[in-house]
Each structure stands twice: as structure tokens, then as C-alpha cells.
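Worksheet for the structure shown next.
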Amino acid sequence: MAEELPPSEKLSAMALADGPPIDLEPSAERTRIRSVLAADDMIALAGKKIVVGGWVRTGREQGKGSFAFLELNDGSCLANLQVIVDSAVHPLALLTPTGTSVVVEGVLKRPPEGVKQSLELRAERILEVGPCDPGKYPLPKTRLTLEFLRDWVHLRARTNTISAVARIRDELAYATHTFFRENGFRYIHTPIVTTSDCEGAGEMFQVTTLFSDTEKVERELKENPPPSESDIESAKHIVKEKGEAVANLKSIKAKKEEITASVAELTKAKENLSRLEERFKLKPGIPKKDGKIDYGQDFFGRQAFLTVSGQLQVETYACALGNVYTFGPTFRAEHSHTSRHLAEFWMVEPEIAFANLEDDMNCAENYVKFLCQWLLDHCQEDMEFMAKIYDKTAIERLKLVSSSPFVKISYTKAVELLINVTEKKFENPVSWGIDLASEHERYLTEVIFKKPVIVYNYPKGIKAFYMRLNDDGKTVAAMDVLVPKVGELIGGSQREERLEVLQQRILDAGLPLEPYEWYLELRRFGTVKHSGFGLGFERMILFATGLDNIRDVIPFPRYPGRADL
């Protein structure tokens, strides 16, 4: 039996088998600036040689051009590392423009007394430079408005605010997966393309190839006109002749080679006829049937849309795996230009098997508290920046929510409290049956209770068909988590598990039963009581950072008239 090679020798043997090794220049191991500036004992790093890479935030020549200071940021943290470069090491004019990228090898040094930096890097070699034309670079060192930055979405992550938001967003995403993993949930990838409308609002982006297919057909017909009826008849005649020829050869028992050749000619004639008939059927314009667009000719053979929620689909896995969640992009074709709406946004949607509305509310409260505490524990520098520049109450708000028990009140009680408010006049009048506006939600959390509030048992007329109908026949087992600054952060419910009730609720919503037949079958085959909710991820970031516009907390905002990149 042959002796087993150790792994290192196996790799060498594989490399030789694939040919001579490629001569690659060794790559320098890069140190992240965060690991330097956040070290427990920064002074102990003095004298250490490292390689850093980043973008120049500010650069200035000193000593009559004999050296330069570079404030270098690599995105790992908010703070910059000061790099000192002598003119003998590299031409300074190529390094100092804002936006220039550099990879520097040097030694960490303690700066002179009285300098705010604890460590600076003395450059020994400039390994790489990505030049930046200062006359054309659109992000000057001056403070820029967030609205201005939306026109430079491909560059805005280089600014302090957007990079801080990106790190906060990343931490919240990681915290989300951590929370659900620690609580026994499975992560399910639900489809982006769907044939059902979860919300029943009809504000969905349609997915279709009918327009592109129509353009393709029209272009094809223009370049290569379709056959006429006489062309079809002529091709049929040829097929008939070839068929008769084959039959004749068989009847006279001709040689096998002659019959095979004749059959081949017949096959060729049939294929040609089939192609002509297919092209003859081509018609310009969108295909229609009975005066309506024929979606049977579309890519999926039926109408399809971008999803507004993964909830309905993730319920199928809750009814098999137990507690599950989905976390992904959702879409809403709503022509809204408010600071709270996007056409593409992200949703976190857990589904809890064998759970009622109270279980749902408890899970939502624990999740929001976990997120807030996570930011306090892992995003101190970025949160302090947001508090300093945008919202001085941001950190206190996180502390409040992470440590306070949420108030739970019924919708009816909430309306009663709002109706009795005398010191404020709401823009939207309050009455039982309305959907609470943001001003109402914020008043409950910021003024009346001064803490997060969960409102439950909403009127059925303002909630989705899948929410469980309560015994009073007027309300459903729905709940919203309201927080200061934002208002509604989470919307959820106990799902309707009774087949007959759910069928009627779908019909009452003006929706056809057929697209939801699979959803109804979850109630026919081993139905279980289950609940869930959806957290608007961008709203959570708005709440955490104190920013005012949702377009500034998503990397690539999509809204009416804008879909850059």
C-alpha cells in the first residue's frame, strides 16, 4: 500500500502536475489601523514595523517640502493614523491630495510631547499609490451635506458619516444573526421573485421579459420578414413529396442506403417547415389573450413580482423546522418621497412556531434590546461620533431602550390616550379605526410613556389578511413596537391558522384565492399556531444613529427617479 503524502507535499505535487509554479510577488501583510489605535497598550507597539493601506483624508507638506503629514484612514475605524513621509522616500506631491490611496511600510513611533496622537507611522517605503486629481475629486475636505453626498453614492463611503453608518449597519446585521442563532432560529433564504402579494396593497414591482421579448421579435421581423402563407404551403408540398418518395422506396424494397438518404431529406424538410410555421406565428407587440396581456407567454408563465416581504414563504419552514427567520431585500413600488420610504429596503422577519401574540411581543422586545446593547458594547467610537455630530441623545436612547421594560397597551387604549391629549394638536385626527401616524406613535413613546411601547390588537380593517382574527370579530392579534425618534420599528402578528377564516379574510381583502393555495395548504396539513414580525432594518439604523433620512443609512438608496449604480 502506497504511503500517504503529508498535506504540504500533496499541494506541491498538485502544483507540479499543473505545470511550473507562477512567479508571484509576495504580498505584504497589512495591519488594520483599528488594531493599532484600539490596542490595549499602544505604547508597547512603538518600534514595530508594519504595513498599512488606506486613503488620505488630509495631507500637507512641511519643512519647506522636506516631509509631509498624511492623515490615513482605511475604513476599519473612524480615527486616522498619522503617517510621516520624507521627500527622500517618495515625491510628496503625489501623496498629499485628499482621496489618494497609499500602501505604506514603516515603523510606529511615539510622537513628541503635546501631540494628540499616541502613535504615528514613520514611512520607510511607499509600496503602492493610487493617485487622485485634486482638481476633479468631488469630496473636498470641507464638511458636506448628506443630500450632496447622495449624488456621489459611489464615493460617499469615504466620508466620516457614511463610513460610520456602514460599520453600525454591519454590527447590527451581525448582531441580528447572533441573536437568532443564540435563540435557536434557523436562517432561511426566501425568494426575491414571488407570485403572491404579502401585504395585499398592490404596490409591487413587476418582473417580466415580455417587453424585451417583444422588442427582440420586432427587431427580428424587421431584419428577417416572416414567411408568407404561400411559403408555408410550398414547404408542406415538399414534405408531402419527400414522404411519398420514402414510401415508394420502401414499397419497391430499395436498398437500405437509398431509403436512409430519402428519410434524411424528409426529416430536413419537416424541420424547415416547423421553423417556417414558428416564424409565421410571430406577431409584433405584447402577446394578448381574450383582450388581456397573456402572461402565459412570460418568463415564469404567470405574473411575477419583486417581493414586499419574505414572511409568507418563511412560514412554510416554520411549519417544518420550528423557529426560523429571513433577512433580505424587499421592494415597494410606492411613489413616495418622504424621509422614511425607500423602493428597496431590508427586512428582518422571524417566524416562531407554536407561538401566540404574547410570545411574539416578547421575542420582538428581546431582539430590539439585544441590538441596542450590541451597539453600546461594539460601536462606541462610531456612536459617539453620531451623538456629537447629529443627535446628542443617540447613546442615551440606546441605553434607555436596552434597559427599560417595554410598555404593552391595546390599540383601543392607545387611541383613548391620544384622544385625551390637550396640550398638542395632531395634524392627523385620532379616532378608533385609523392607522396610527408617526406623530401619534412618537407621542406615545416620547411624551406619554417616555420609553418603547408595544401596541396590540389593531382593527382588522387596517391590517393584513394573514393576521389572526380575535374573538370580538373587529380586531386582529397584531402588534407594533414603537420607539422614540422613529415611531414604528416592528410590525408583527399571530398568524391566522384556521383555514375557513383565512379563506374569507383573503376574499375580504379583494384578493384571489388561487395564488395563495399553497399558503392555505399549510392550514390543511398539520397546521400550527405561529407568530412572527418584521423589523425594517433601515429604520433600526435611523433609530440608532439619529439621522433623519432613510436614504443615508442604506449603501445604495433606491427611490422614485433614482437607482444609481
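The values are calculated or read from the model by the stated rules, or taken from the named source; none is laboratory data. Please read these numbers as outputs of a predicted model, since none were measured by experiment. Cβ coordinates were reconstructed from backbone atoms using ideal geometry, including for glycine residues, and neighbour counts include every protein chain displayed. Only protein heavy atoms, including side chains, enter the accessible area calculation; ligands, DNA and RNA are left aside. Shrake-Rupley method; radii C 1.70, N 1.55, O 1.52, S 1.80 Å.
Highest-first packing order for the peptide set 212-224, 268-280 is 268-280, 212-224, based on the mean count of other beta carbon atoms within 10 Å. Peptides 551-557, 296-302, 453-459, 139-145 ranked from most to least packed by the mean count of surrounding Cβ atoms within 10 Å: 453-459, 551-557, 296-302, 139-145. Rg/Rh for the range 248-315 (Cα atoms only, Rh after Kirkwood) is 1.39. Could you tell me which of rounded, prolate or oblate describes the range 439-565, using a ≥ b ≥ c as the square roots of the eigenvalues of the alpha-carbon gyration tensor, with rounded for a/c under 1.5 and, failing that, prolate when a/b is larger than b/c and oblate otherwise? The shape class here is oblate.
In square angstrom, what is the accessible area per residue of the range 507-565 with a 1.4 angstrom probe? Numbers along the way, then the final one.
On the way: 2340 Å² over 59 residues.
Accessible surface, normalised per residue, equals 40 Å².
Take the range 189-275, drop everything but the C-alpha atoms, weight them equally and run the Debye formula without solvent; then report log10 I(q)/I(0) at 0.11, 0.26 Å⁻¹ to two decimals. Taking Cα atoms of the range 189-275 as identical point scatterers yields -0.61, -1.19.
How large a share of the accessible area of the range 283-382, in percent, is made up of carbon and sulfur atoms when the probe is 1.4 Å and the other protein chains stay in place? Before the final figure, lay out each step's value.
Details: 2400 of 4660 Å².
After summing per-atom areas, the C and S share lands at 51 percent.
Exceedance of the 24 Å cut-off in Cα-Cα distance is limited, within the set LYS216/LYS289; LYS49/LYS388; LYS116/LYS369; LYS236/LYS289; LYS49/LYS141; LYS408/LYS485, to LYS49/LYS388; LYS116/LYS369; LYS236/LYS289; LYS49/LYS141. Take each peptide in 78-90, 422-434, 471-483, count the other Cβ atoms within 10 Å of every residue, and average; sorted highest first, the result is 471-483, 78-90, 422-434. Summary value for the chain: 13 percent relative contact order, contacts being C-alpha pairs under 8 angstrom separated by 6+ residues.
Is the range 66-131 best put as rounded, prolate or oblate by its Cα gyration tensor, with a ≥ b ≥ c the root eigenvalues, rounded for a/c under 1.5, and otherwise prolate when a/b is larger than b/c, oblate when not?
Numbers: a/c = 1.75, a/b = 1.23, b/c = 1.42.
Note, shape of the range 66-131 comes out oblate.
A 1.4 Å probe run over the protein chains yields, for the range 188-248, 64 Å² of accessible area per residue, whole-number rounding.
Calculate, in nm to one decimal, what PHE426 and ASP86 gain on full extension: separation in residues at 0.36 nm each, minus their alpha carbon distance. Mind dumping the intermediate values first?
Working: separation 340, 0.36 × 340 = 122.40 nm, distance 6.37 nm.
Computed gain between PHE426 and ASP86 is 116.0 nm.
Among the chymotrypsin sites (Phe, Trp or Tyr not before Pro) in the range 337-409, those located in a DSSP loop and surrounded by at most 15 other Cβ atoms within 10 Å of their own Cβ are PHE354. Using the 1.4 Å probe convention, the accessible area of the range 349-416 works out to 43 Å² per residue with neighbouring protein chains retained. Here the accessible area is traced with a 1.4 Å probe on the protein chains. For the range 471-565, carbon and sulfur cover 53 percent of it. With an a/c value under 1.5 for the gyration tensor axes a ≥ b ≥ c computed over the alpha-carbon atoms, the range 320-440 is described as rounded.
Take the Cα gyration tensor of the chain, multiply each eigenvalue by 5, square-root it, and list the three semi-axes largest first, rounded to whole angstrom.
Numbers: eigenvalues 582, 387, 125 Å².
So the equivalent ellipsoid measures 54, 44, 25 Å along its semi-axes.
About its Cα centre, how strong a charge dipole does the range 178-308 have in debye, to the nearest 20, once Lys and Arg get +1 and Asp and Glu get -1 at the Cβ? It would help to have the intermediate numbers written out before the result.
Details: 22 positive and 23 negative charges, 125 e Å.
Using Cβ point charges on Lys, Arg, Asp and Glu, the range 178-308 gives about 600 debye.
Please state the relative contact order of the range 224-360 as a whole percent: Cα pairs under 8 Å, 6+ residues apart?
Answer for the range 224-360 is 17 percent.
Expressed as a whole percent, the accessible surface of the range 73-210 that belongs to carbon and sulfur atoms is 50, based on a 1.4 Å probe. Our summary gives the range 438-565 a relative contact order of 20 percent, counting only alpha carbon pairs under 8 angstrom and 6 or more residues apart. Each Lys and Arg contributes +1 and each Asp and Glu -1, all at the Cβ; summed about the Cα centre of the range 491-537, the dipole is approximately 200 debye.
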